[in-house]
Amino acid sequence: MTTSILIRRAEPADADAIQRILGETYEATWKPELTAEAVARFESSAHTAAYVRERLTFFRVACLGGEVVGLLDWRDDFIDSLHVSPRQQRMGIGVALLRHAEDEIARAGHRQVRLETDTFNRQARAFYGKHGYAEVDFYPDEEWHSGFTTVLMSKAL
């Protein structure tokens with residue numbers, strides 16, 4: 001039996017689950033690539049908690065069996081965050097969140113959707129490429145200050 005994915009607006013009670021998922025994806029994806037200095041800088045910054053507090057009312061969450069398993073945040077035509085708990089990846093949750101964002105961005109009148117990832121993140125690059133995104137620019141990462149190269153990806157709507 002498959003459980004359907006529910007995407008809804010985040011509620012205040014979802015803040016801990018959102019922070020947990022962001023922490024899980026940081027641990028699994030970014031932390032292994034960061035220098036010790038970048039890890040220390042990021043982990044002492046409280047950046048994640050501040051981001052969740054600032055953007056909580058804008059987040060959408062994906063729920064599976066009543067559990068928050070993914071999250072989405074966008075501004076205008078730009079997807080800021082799309083994360084799925086590593087324990088629930090490859091179950092269609094990321095696809096559902098991406099389609100939701102694209103539909104909402106198109107409904108707002110935008111003709112394209114943009115997002116960023118990093119060159120080392122081959123899983124994300126392949127996922128977005130499979131769903132019609134093109135790599136349109138490369139530039140130094142400014143979020144981690146770690147020497148990463150950011151990839152700007154875009155898709156016409």
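Read-outs throughout are calculated quantities, based only on the coordinates presented, and are distinct from any laboratory measurement. Keep in mind that this is a model prediction, so the values were computed, not measured. Note that each Cβ is placed from the backbone with ideal geometry, even for glycine, and that neighbours are counted across all protein chains shown.
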For this session: Express in nm, to one decimal, how much length is gained between Ala40 and Val95 on full extension, taking 0.36 nm for each residue of separation and deducting their alpha carbon distance.
Result: 16.5 nm
For this session: Among Asp118, Asp76, rank each residue by its count of other Cβ atoms within 10 Å, from fewest to most, as a rough exposure measure.
Result: Asp76, Asp118
Exercise. Between segment 1-66 and segment 119-157, what is the C-alpha centre distance in whole Å?
Worked result: 19
For this session: Hey, can you grab everything whose amide H is under 5 Å from the amide H of Phe120? Only 5+ residues off in sequence or another chain; H modelled, so Pro and N-termini drop out.
Result: Thr149
